[in-house]
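One structure below.
The values are calculated or read from the model by the stated rules, or taken from the named source; none is laboratory data. Values in this document were obtained by computation on a predicted structure and should not be read as measured data. Neighbour counts are summed over all protein chains in view; Cβ atoms, including those assigned to glycine, are modelled from backbone coordinates with ideal geometry.
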Amino acid sequence: MQKNYQNLIVGAGISGAVLARLLAENGQSVLVIDKRSHIGGNCYDYTDENGINIHKYGPHIFRTNDEQIWQFLSRFTAWHEYTHKVRSKINNKEVPIPFNFESIDILFDKQKAKIFKEKLLKNYGKNKKVPILELKKFPDADLKELADFIYENVFYHYTLKQWGCEPEELSADTLARVPIYTSYYDGYFTEKYQAIPVPGYTKMFENMLNHPNINIQLNIDFKDLKDINYERLFYSGSIDEFFNYKFNALPYRSLNFRFNTLDQQKFQSVAVVNYTGQETYTRITEFKHFLNQQTQKTTIAYEYPFTFEVGKNKRYYPIPKRENEQLYQKYLELAKKEKNVYFIGRLGEYKYYAMQNAVSAIFKLFKKLNPV
Ligand code: UDP
């Protein structure tokens, strides 16, 4: 086993894998380690005994407008084009999420629906995305009625379950990820490229990491790594852990998944149904929709968020609140004093990155390290 590397990357998730490949193609040696028994981080997927591709750590839908990111990833996988659709049951009726004109038509009588749609169009224009917290502030009695309805039935309880706090305590862009559409468009995302890797995410990362300059060691914690020399460290673990929790631990949300295989072809009409009411789970994912897999059985997962505790469970979501950002900044100050150590990814940067944002951040870092 080789002992000397130019680069050590801690974590084989999307950030670590993309960076490893870029460095390797730049002629540098890379060791990637991960304490889990698999690569891919929380993007990890596998095929279950019924032939269904399962996203072990929750639904991951790749999307981007960035040509460079799309081209890069496409070198390592074929894609299944997929438009993600989400529904929620409100007043016993299934409606599209993001809340759109169809949701309005389903939930309100004709007259009311007409007023809501006309006022949305008049004030925001056609095909626009309006964040709920913005709509709530609009000084018009009808739009206020609509905003209060959507806030209560789509955002309030879901957010309380997901984050353990009131929507207003979170950074504004958190809820703005799921706006209100001033149209009948019923896709969850609007990016140009939206797709799922045909052989799965894990295979895509396996191909990415398959390079003569890259070695991988799984099942090893950074703290237990011995007899390895490296010039630069890229750390995608949580930044507070790296500094032994010198300040308070950074808060995260964790998730529990209750998987269930059912002896029926289909369980729900779309891949994800959000439960935006008082149920204890936030959503149910039915995995076969992602790759349009035709099987006799189906596998679903109920998703239950809860508070992350160090050493007890896994980190999924940094919590985008002001006080947490301030705590992170304290760690960042420590990080700046480290030489040749870089913090990457959702945990290293304490950022609620979607996959494409994680890749974009790595592209930027790589460019900074290797200016042309
Ligand atoms: N959200 C909500 N109701 C929904 C969908 C989203 O309240 O039906 C809020 C909630 O706070 C959630 C955030 O919007 O955490 C972002 O949603 P997204 O679907 O992007 O979350 P992710 O898929 O990353 O868990």
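Selection of the range 156-186 for residues being more than 20 Å from Q278 (Cβ to Cβ) and of a type in the set (K, R) yields only R177. Of the residues making up the range 65-84, those that are farther than 28 Å from I106 by Cα, assigned to a loop (DSSP other than H, G, I, E, B) and not aromatic (F, W, Y) are N65, D66, R75, T77, A78. Just one of the listed residues (I61, I97, I104) is within 16 Å of the ligand (Cβ to nearest atom), free of Cβ contacts under 8 Å to residues at least 60 places away in the same chain and touching a Phe, Trp or Tyr at 6+ places or on another chain (Cβ under 8 Å), namely I104. In the range 80-116, the residue that is farthest from T174 (Cα to Cα) out of those that are over 31 Å from the mean Cα position of the chain (by Cα) and among the basic types (K, R) is K110.
Of note, R87 does not satisfy the criterion of being modelled with pLDDT of 95 or more and not in a strand (DSSP E or B).
Take the range 178-231 and flag every residue that is loosely packed, with under 14 Cβ neighbours inside 10 Å and under 30 Å from S103 (Cβ atoms). If the condition is that a residue be loosely packed, with under 14 Cβ neighbours inside 10 Å and under 30 Å from S103 (Cβ atoms), then K192 is the only one that fits.
For first residues located in the range 350-372 and within 14 Å of W70 (Cβ to Cβ) and modelled with pLDDT under 95, partners that are within 16 Å of the ligand (Cβ to nearest atom) and among the acidic types (D, E) and lie 6+ apart or on another chain with Cβ distances below 6 Å do not occur. Could you grab the pairs with beta carbons closer than 8 Å, sequence gap of 6+ or different chains, first residue in the range 149-160 and surrounded by fewer than 20 Cβ atoms within 10 Å (Cβ to Cβ), second one basic (K, R)? Between residues of the range 149-160 that are surrounded by fewer than 20 Cβ atoms within 10 Å (Cβ to Cβ) and residues that are basic (K, R), the close pairs are Y151/K136. Set side by side, the residues Y304, Y331 differ, and just one is outside any loop (DSSP other than H, G, I, E, B) and either over 25 Å from I61 (Cα atoms) or of a type in the set (A, V, I, L, M) (or both), which is Y331.
Tallying residues that are more than 16 Å from the ligand (Cβ to nearest atom), surrounded by fewer than 19 Cβ atoms within 10 Å (Cβ to Cβ) and of a type outside the set (S, T, N, Q) within the range 336-364 yields 7. Residues to consider are N92, N50; find the one that is without any contact (Cβ under 8 Å) to a residue 40 or more places away in the chain, among the polar types (S, T, N, Q) and farther than 28 Å from N357 by Cβ. Residue meeting the stated conditions: N92. The condition of being within 13 Å of the ligand (Cβ to nearest atom) and within 30 Å of L332 (Cβ to Cβ) holds for D173. Of all the criteria given as (1) surrounded by fewer than 15 Cβ atoms within 10 Å (Cβ to Cβ); (2) touching a helix residue (DSSP H, G or I) at 6+ places or on another chain (Cβ under 7 Å), the one not satisfied by A271 is (1). Quick check: is even one residue across the range 177-186 away from the ligand (no atom under 11 Å from the Cβ), among the acidic types (D, E) and assigned to a helix (DSSP H, G or I)? Scanning the range 177-186, I find no residue that is away from the ligand (no atom under 11 Å from the Cβ), among the acidic types (D, E) and assigned to a helix (DSSP H, G or I), so the answer is no.
Return a yes/no flag: does the range 143-162 have any residue that is outside any helix (DSSP H, G or I), at pLDDT 95 or above, within 16 Å of the ligand (Cβ to nearest atom) and over 26 Å from S37 (Cβ atoms).
In the first step, residues of the range 143-162 are kept if they are outside any helix (DSSP H, G or I); the result is none.
No; the residues of the range 143-162 include none that is outside any helix (DSSP H, G or I), at pLDDT 95 or above, within 16 Å of the ligand (Cβ to nearest atom) and over 26 Å from S37 (Cβ atoms).
Of the residues Q278, Q268, Q217, the single one that is over 22 Å from N42 (Cα atoms) and either more than 14 Å from the ligand (Cβ to nearest atom) or free of Cβ contacts under 8 Å to residues at least 24 places away in the same chain (or both) is Q268.
Going by the structure shown, is A12 touching a residue at least 40 places away in the same chain (Cβ under 8 Å), among the hydrophobic types (A, V, I, L, M, F, W, C), crowded, with 16+ Cβ neighbours inside 10 Å and touching a strand residue (DSSP E or B) at 6+ places or on another chain (Cβ under 9 Å)? Yes; evaluated as a whole, the condition is true for this residue. The residues listed here are L133, L120; of these, the one that is part of a helix (DSSP H, G or I), within 13 Å of the ligand (Cβ to nearest atom) and over 16 Å from T282 (Cα atoms) is L133.
Checking each residue in the range 274-287 for being over 15 Å from H60 (Cβ atoms) and either crowded, with 16+ Cβ neighbours inside 10 Å or modelled with pLDDT of 95 or more (or both) picks out N274, Y275, T276, G277, E279, T280, Y281, T282, I284. Restricting attention to the range 183-192, does a residue exist that is in contact with a Phe, Trp or Tyr (Cβ under 7 Å, 6 or more places away or on another chain) and at pLDDT 95 or above? Yes, that holds for at least one residue.
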